Amino acid sequence: MINKSDTKNNHRVKRRFWEIFKTIRGKLTLSFISIFGITLIGFSFVLYNVFAKQSRDDFDIVMNVLASSISETIRENGINQDILNEVKEFNNPGLSAFYGYTEVLNSAEMVVMQSSQLKDISLPLERNRVLAALNGSREIATVYTDDPGNLWDSRGARILYVPATHHQHKYAVILIAPLSSVEGMLANLRLIIFIAIPVTLLIASIVGWVFSKRAYAPVGELVAKTNTITAEKLHLRLKVSDADDEISHLAETLNYMIERLEQSFNTLKQFTSDASHELRTPLTIIRGEIEVALKKPRDKQEYENILKDNLEEVNRLQNIVEGLLTLSQYENNRITIQSEKINLVDIVIESLTKSRILAEKKNIKIILKLEEENPDAIYITGDSRKLMNVFLNIFDNAIKYSNENTEIQCYTGITKTDNFAYVTVKDQGIGIPESSVKNIFERFYREDSSRTRGEGYSLGLGLSIVKAVVEAHGGRIEVKSEYKKGSAFTVYLPYSS
Ligand code: ADP
């Protein structure tokens, strides 16, 4: 049988290549590589251009320096062999990046001196630049074509026209240098960049992918472990590493969530079993009584008694169902609380008056002690009918769990510290054992579980509803109890002056 997690794992294995970019790991690596790639390309572009410009400028500077030196030699010594020596010196192996040839023209544009390589060669000189040089200005240009004698290749050559004078004679010094050296070097640099960028990016992608795999390995473990936690295995927890990083925080958060889920599940389970148990008993009684009644014909009185007993059980069922419905409505926030300004003292007095009838049967006195400063009015915002039921319930319990001839005291007031209106109902009854105090607000909890029927029977839903109503009003309920001495329930509600 294939279960769901198997299918999921198969799916993971079958992931197509492009689908890795859907994963956070893939996305992270891709964005890292894109940013790195763009930066690398931009950086290389700027670096190359700055370097290329600098190299070409340097090339021109070298030519100019050499030409100036030739021009100076002519000015001092006239036209002689020294001029060519200078070029030769320049072309020595130590300066292999530069080599060039020279030619000197007189004012009639006739060649008066030239490097041996230029013999029988007619250079593609521009006449206007020659004339400009004869007239005293410097000119520089690049030629790509018309190579007259294997002097340069397709990368062209630089031709510099420089003026020179000796006594009254004007000359134009022509310096010609093939660009192959500098352009060759730049071409190599371009090649290196074009190879280096993709190689670097490839290496960075692999390294990034491997690193992100390591970084995300705990996520994979977390997912695998989380997949094993099902409704039946809610007691399991995820391993939290000591790293104090995002993953450990995530694991912690998930653990809290699982804990809350476990609590809710347990409450739900408990509730289902409690509720079915509570509903089953009256139903069994009704069914039993009906079966007994049907066994033989009975007289009218007998039928009436059986129906009365059944009605009692039906009432009990109805109370349970209504109580549960009310509680579930509070829990789902589906109860609307009327927000009217009401006097809490009035509500307490009214519920107390109603309860007195019950108290008198056990000769229990109920004493009301109002706040000294403002005895008749403590205003709060809320639902008077629902709050009345809260106090009726608390008084009802106080009477139910008190012995005859005792006293119940009721205090009202406003707390000094947090400005809450409070009502305390203190009895001298049976009290609640310390171990049970925390349970009394749970549904169906009753200290004496045998007291489920007959006079003064209890459902164990009263205080759960009381707590829900008080909390829906933004308040809280507290209990202090001493076993066999008495209990004091205090309801706190936000005071509105
Ligand atoms: P019920 O009173 O119907 O049993 P409640 O929810 O009102 O249900 O109360 C839950 C339990 O809390 C009671 O069964 C009882 O054990 C305990 N209890 C409530 N009020 C008092 C009280 N004033 N004195 C002693 N025990 C009390």
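For segment 415-425, a tally of residues being over 44 Å from the mean Cα position of the chain (by Cα) and more than 9 Å from the ligand (Cβ to nearest atom) returns 2. Being within 16 Å of the ligand (Cβ to nearest atom), buried (at least 16 other Cβ atoms within 10 Å of the Cβ) and modelled with pLDDT of 95 or more is a property that Ile399 has.
When you look at Thr406, is it in contact with an Asp or Glu (Cβ under 8 Å, 6 or more places away or on another chain) and more than 16 Å from the ligand (Cβ to nearest atom), yes or no? No.
Which one of Ala359, Ala377 is free of Cβ contacts under 8 Å to residues at least 60 places away in the same chain, more than 12 Å from the ligand (Cβ to nearest atom) and crowded, with 16+ Cβ neighbours inside 10 Å? None of the other options fit; the residue is Ala359. Among residues of segment 182-193 that are on the phi < 0 side of the Ramachandran plot, those with a Cβ under 6 angstrom from a residue that is in a helix (DSSP H, G or I) and surrounded by 14 or more Cβ atoms within 10 Å (Cβ to Cβ), sequence gap 6+ or separate chain, pair up as Val182/Ser55; Val182/Phe59; Leu186/Ala52; Ile193/Ser44.
In segment 427-443, the residues that are closer than 13 Å to Lys467 by Cα reach residues that are aromatic (Phe, Trp, Tyr) and near the ligand (Cβ under 6 Å from one of its atoms) with C-beta atoms within less than 6 angstrom, at least six apart or across chains, in these pairs: Asn439/Tyr445.
Just so you know, in segment 426-440 the residues that are in a loop (DSSP other than H, G, I, E, B) and either among the charged types (D, E, K, R) or surrounded by 17 or more Cβ atoms within 10 Å (Cβ to Cβ) (or both) include one that is farthest from the ligand (Cβ to nearest atom), and it is Gln428.
Of everything listed in (1) in a helix (DSSP H, G or I); (2) under 28 Å from Val466 (Cα atoms), the single unmet condition for Asn333 is (1).
Annotation note: of Asp448, Asp383, the sole residue that is away from the ligand (no atom under 13 Å from the Cβ) and either touching a residue at least 24 places away in the same chain (Cβ under 8 Å) or within 30 Å of Asp309 (Cα to Cα) (or both) is Asp383.
Within segment 261-277, the set of residues being under 25 Å from the mean Cα position of the chain (by Cα) and either of a type in the set (A, V, I, L, M) or loosely packed, with under 11 Cβ neighbours inside 10 Å (or both) comprises just one member, Leu261. Pairs are defined by a Cβ separation below 6 Å, a sequence spacing of at least 6 or placement on different chains, a first member in segment 480-493 that is within 12 Å of Gln428 (Cα to Cα) and aliphatic (A, V, I, L, M), and a second member that is near the ligand (Cβ under 10 Å from one of its atoms) and in a loop (DSSP other than H, G, I, E, B); no pair meets this definition.
So which residues in segment 241-259 are more than 17 Å from the chain's Cα centre (by Cα) and closer than 22 Å to Arg25 by Cβ, if there are any at all? Matches in segment 241-259: Ser241, Ala243. Anything in segment 1-45 that is modelled with pLDDT of 90 or more and either among the aromatic types (Phe, Trp, Tyr) or in a loop (DSSP other than H, G, I, E, B) (or both)? List them, or say none. If the condition is that a residue be modelled with pLDDT of 90 or more and either among the aromatic types (Phe, Trp, Tyr) or in a loop (DSSP other than H, G, I, E, B) (or both), then Phe36, Phe43, Phe45 are the ones that fit.
The values are calculated or read from the model by the stated rules, or taken from the named source; none is laboratory data. Computed from a prediction, not measured in an experiment: that's the story for all the values here. Heads up, the Cβs are rebuilt from the backbone with ideal geometry, glycines too, and the neighbour counts pull from every protein chain shown.
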